[in-house]
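Trainee: Input: one structure, supplied below.
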Amino acid sequence: MTERQEQQDAVHDRYATAARRALAGEGTGLITGPHDAGRLGAVHYAEDAGAVPENAVAASLGCGNPLAVADLRPGDTVLDLGSGGGLDVLLSARRVGPAGRAIGLDMTDEMLTLARRHAAEAGIANAEFRKGAIENIPLPDQSVDVVISNCVIALSADKPAVFAEIARVLRPGGRLGITDIIADDTLTGTERAQRADKVECLAGALTVTDYRALLSAAGLIGIDVQVTHAVGDKLHSAIIRATTPAQQRLADPGSTVV
């Protein structure tokens, strides 16, 4: 088994276990104590808490609220990468309205089951949940207006593939609005190796510079990375925005552009 596969399996098992606990009414078990509760999960959704079932809010495991930065419009198709218990998908579905659609993508059957339960409890009809990897999104080219994600991309073992897939599925002029874990530039390779077993995001967290470079290499523009709050020693939550280039109209030779 490759190191990349081992990392993916470890992430899958961790979140599948969390979903099984949530389905059994035991909480996810991943946010423990006041320190975690003050920086992760439901704390970022105070204004939205009444819009969806309480259990969906409680199952949130993110480091921010991507909907606070994503530019959602009525009729949009929104894709949430690593949708977990479905909170951001359900809130997106309400914002884009009945003419829009919100799609959650997750690689764990247990999380998909949990998310679908929350959608049914909320009575939301324009949300759907699909199984798949964020490195290989099971959607057609240029089929999405907005991509969101909450503290998931840092867990991927192949971030260039993730960003390439985001660029592929976004329509011309499409928007990226996510939250993720960012590492300080001062974080050394030795520190990553020493602490990777204690903080799972640490080994794969990008720096601001790396994030900008990889998004640009994937063809996204208007890249903005803003660090918001600390989530650990030399680790921070950040909001990341970018867009895909707007499609240009090319006139036929001899024609007049109006």
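Trainee: Restricting to the range 134-159, name every residue that is touching a residue at least 40 places away in the same chain (Cβ under 8 Å) and either closer than 17 Å to Thr207 by Cα or out of contact with any strand residue (DSSP E or B) (no Cβ under 8 Å at 6 or more places or on another chain) (or both).
Mentor: Matches in the range 134-159: Asn150, Cys151, Val152, Ile153, Ala154, Leu155, Ser156, Ala157, Asp158, Lys159.
Trainee: Restricting attention to the range 162-209, and to residues there that are of a type in the set (D, E, K, R) and modelled with pLDDT of 95 or more, which single residue is nearest to Asp106 (Cα to Cα)? Give the steps one after another, and end with the answer.
Mentor: First, pick out the residues of the range 162-209 that are of a type in the set (D, E, K, R): 165, 168, 171, 175, 180, 184-185, 191-192, 195, 197-198, 200.
From the residues that got through so far, the ones that are modelled with pLDDT of 95 or more too are 165, 168, 171, 175.
Numbers: Glu165: 15, Arg168: 18, Arg171: 21, Arg175: 20 Å.
Looking at residues that are of a type in the set (D, E, K, R) and modelled with pLDDT of 95 or more, I get Glu165.
Trainee: Is it true that Ile223 is at pLDDT 95 or above and in a strand (DSSP E or B)? Talk me through it step by step, then tell me what you get.
Mentor: Values: at pLDDT 95 or above: yes; in a strand (DSSP E or B): yes.
Yes.
Trainee: Pick from Gly104, Gly86, Gly123, Gly75: which is in contact with a Lys or Arg (Cβ under 8 Å, 6 or more places away or on another chain) and on the phi > 0 side of the Ramachandran plot?
Mentor: Gly86
Trainee: Another question, if that's okay. Scan (1) among the aliphatic types (A, V, I, L, M); (2) crowded, with 23+ Cβ neighbours inside 10 Å; (3) modelled with pLDDT of 95 or more for the single condition Leu139 breaks and write down its number.
Mentor: (2)
Trainee: In the range 143-168, what residues are farther than 20 Å from Gly84 by Cα and either touching a Leu at 6+ places or on another chain (Cβ under 8 Å) or of a type in the set (S, T, N, Q) (or both)?
Mentor: Ser143, Asp145, Pro160, Ala167, listed by residue number.
Trainee: Out of (1) at pLDDT 95 or above; (2) touching a Ser or Thr at 6+ places or on another chain (Cβ under 6 Å); (3) under 20 Å from Ile240 (Cα atoms), what's the single condition that is false for Val146?
Mentor: All conditions are met except number (2).
The values are calculated or read from the model by the stated rules, or taken from the named source; none is laboratory data. Note that this is a predicted model, so its numbers are computed, not measured. When we count neighbours, we look across all protein chains shown, and the Cβ atoms used for this are built from the backbone with ideal geometry, even at glycine.
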